[in-house]
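Chemist: Please read through the structure below; I'll follow up with questions.
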């Protein structure tokens, strides 16, 4: 497999454009991007199974006057005049696990990883997620206070300053003004919960609702004091899952009322009314119920930027329920959809190059975006050769793994599939109408702020496919390899 060229040296800059980010986000329903002219050239980049092609430029293809499309041929149709949601970005999570592994790499490999995700020659991640104190990915559980401290007098993020905060600051410095950085809690401290345990579910006790709401405020205070602007928070990671790791259960009504009566007002009173609050942060299967309950209540809805979701549905017979996203987008067009977590589970070091893992990313991203999603956040950006560390042995895949025995970075196909979106679609882009004449090819398209069109096409079949790309009154004849993904940039 060809290696990513590392061409840049690190330049840590001050992240000072938070207000510009907020303005960009608040204007996400602004007028259409003007399509400047008929495209003349389609520049194609491809990643394909059983080849060395990894985000490889495979050439330019001219557009010619369009012919009548035929039912016997494969076609993809774009209409740049029909534009939809505004693109927020693509990224991943810097967890305690990612930061702990990163700290054990040599300086050269640390720089390689940073450039791979955030550098000019990398895949241009701009979204970052982290946890509010601990999650399962890390060497153990911790909070920011001493047990029983209801007044939060002992609140401190000093533990995060060892590994996590330095890595996040380094990434934000490379991303610059397009950075979108948000945080999610996995569990309140044990004394605030019905089961007196951060692990294995339990509920937040009512007498601690305001204390826990103020905990978010203290987290934002502490992280922003370190020079890391917080774009927003989710209320609770996976609020309907009793896990053997940090977890906490909220019914739809409990989450609505916590937002309406506690978290929203507390953050507003603290001067953080401009922070974005994301509800749900769980799977697509129950997402419409959560949206109806929270967004259907005007007093709760006024505090909610949108709804987050994961891809770990296990009860739906293999159906990822993409259509549920479209239903929410139709019912609540003023609320945003954000993919907040996904990874391939059941880590196996013999399957680093397992191609279906990458195709899961491609299919999810295409369909999530086509149903109104504005941003897409992968889980850990880095794990070790064991799929961890994870303090409850919930080992998983990441796009890049570090073999700490050899100081080697291992790039999985998922990294490159993610890059087919994140490297080419720019924040502020508008999704445009795209359809495929046959189900063999899945596709989504975006128009960048400068009028450039980016189209992603995935072929999950075992056969090479010929197809035509139609834009307005022109078309281009293209080919796509078996088990591959393409990004077509039209100019």
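The values are calculated or read from the model by the stated rules, or taken from the named source; none is laboratory data. Nothing here was measured: the structure is a model prediction, and the numbers come from that model. Here the Cβ positions follow ideal geometry from the backbone for every residue, glycine too, while neighbour counts run over all protein chains shown.
Chemist: Just to be sure I understand, how many residues within the range 85-104 are in contact with a helix residue (DSSP H, G or I) (Cβ under 9 Å, 6 or more places away or on another chain) and surrounded by fewer than 19 Cβ atoms within 10 Å (Cβ to Cβ)?
Modeler: Adding up the residues that qualify gives 1.
Chemist: Separate question: Please enumerate the residues belonging to the range 190-204 that are buried (at least 22 other Cβ atoms within 10 Å of the Cβ) and within 21 Å of residue 394 (Cα to Cα).
Modeler: Result: 198, single match.
Chemist: Can you tell me how many residues in the range 124-156 are under 30 Å from residue 399 (Cβ atoms) and free of Cβ contacts under 8 Å to residues at least 24 places away in the same chain?
Modeler: So the count comes out to 1.
Chemist: Given the criteria at pLDDT below 95, in the same structural domain as residue 465 (by TED's automatic domain parsing) and surrounded by fewer than 14 Cβ atoms within 10 Å (Cβ to Cβ), does residue 62 qualify? Write out each step before concluding.
Modeler: On the way: at pLDDT below 95: no; in the same structural domain as residue 465 (by TED's automatic domain parsing): yes; surrounded by fewer than 14 Cβ atoms within 10 Å (Cβ to Cβ): yes.
Against the criterion (at pLDDT below 95, in the same structural domain as residue 465 (by TED's automatic domain parsing) and surrounded by fewer than 14 Cβ atoms within 10 Å (Cβ to Cβ)), residue 62 does not qualify.
Chemist: How many residues are assigned to a loop (DSSP other than H, G, I, E, B) and either closer than 21 Å to residue 37 by Cα or free of Cβ contacts under 8 Å to residues at least 12 places away in the same chain (or both) if we restrict to the range 56-92?
Modeler: Of the residues in the range 56-92, 6 are assigned to a loop (DSSP other than H, G, I, E, B) and either closer than 21 Å to residue 37 by Cα or free of Cβ contacts under 8 Å to residues at least 12 places away in the same chain (or both).
Chemist: Given the conditions (1) within 23 Å of residue 458 (Cα to Cα); (2) in the same structural domain as residue 353 (by TED's automatic domain parsing); (3) free of Cβ contacts under 8 Å to residues at least 60 places away in the same chain, which single one is not true for residue 393?
Modeler: Answer for residue 393: the failing condition is (1).
Chemist: Going through 358, 398, 402 one at a time, which residue ends up being closer than 25 Å to residue 102 by Cβ, crowded, with 18+ Cβ neighbours inside 10 Å, more than 20 Å from the chain's Cα centre (by Cα) and in contact (Cβ under 8 Å) with a residue 24 or more places away in the chain?
Modeler: One residue alone meets the criteria, 402.
Chemist: Give the residue, chosen from 255, 246, that is closer than 30 Å to residue 315 by Cβ, buried (at least 21 other Cβ atoms within 10 Å of the Cβ), without any contact (Cβ under 8 Å) to a residue 40 or more places away in the chain and in the same structural domain as residue 314 (by TED's automatic domain parsing).
Modeler: 255
Chemist: Okay, next question. How do the helices (runs of 4 or more DSSP H) wholly within the range 193-295 filter down when requiring 1 or more residues that are closer than 18 Å to residue 182 by Cα: which remain? Outline the logic, then answer.
Modeler: On the way: elements: 209-225, 252-258, 264-269, 287-295.
Passing ranges, in order: 209-225, 264-269.
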